[in-house]
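Below is one structure, written out as structure tokens; the observations come after it.
Read-outs throughout are calculated quantities, based only on the coordinates presented, and are distinct from any laboratory measurement. Being a predicted model, the structure only gives us computed values, none of them experimental. All Cβ positions, glycine included, derive from the backbone under ideal geometry; neighbour counts span all protein chains shown.
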Amino acid sequence: MENLLRAAVRQRKQYLIEELLKKGIYKKENHHLFELTLSDLEKEYQARSK
């Protein structure tokens, strides 16, 4: 079960990163997107989708 959850988180993070990259977003403050948590990526995606 744990591996399934990790895979789901990893997949969602990858999706959000790809969508943000399409919008021209490569960093948030001094952090690259791949360094952000899933929660941070979700917040950034929601903020940019409005």
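A compact table of results
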quantity	calculated
Filter pass, GLN14 being loosely packed, with under 11 Cβ neighbours inside 10 Å and either in a helix (DSSP H, G or I) or under 10 Å from the mean Cα position of the chain (by Cα) (or both)	no
Cβ pairs under 8 Å, 6+ apart, first in the stretch 1-25 and under 26 Å from LYS50 (Cβ atoms), second among the charged types (D, E, K, R) and surrounded by 12 or more Cβ atoms within 10 Å (Cβ to Cβ)	LEU16/GLU42; LEU16/GLU44; LEU20/GLU44; LEU20/ARG48; LYS23/ARG48; ILE25/GLU44; ILE25/ARG48
Tally of residues being surrounded by 12 or more Cβ atoms within 10 Å (Cβ to Cβ) and either touching a Cys at 6+ places or on another chain (Cβ under 6 Å) or outside any strand (DSSP E or B) (or both) across the stretch 24-50	11
Criterion violated by LEU20 - all others in (1) exposed (fewer than 10 other Cβ atoms within 10 Å of the Cβ); (2) in contact with a Phe, Trp or Tyr (Cβ under 9 Å, 6 or more places away or on another chain); (3) of a type outside the set (Gly, Ala, Ser) satisfied	(1)
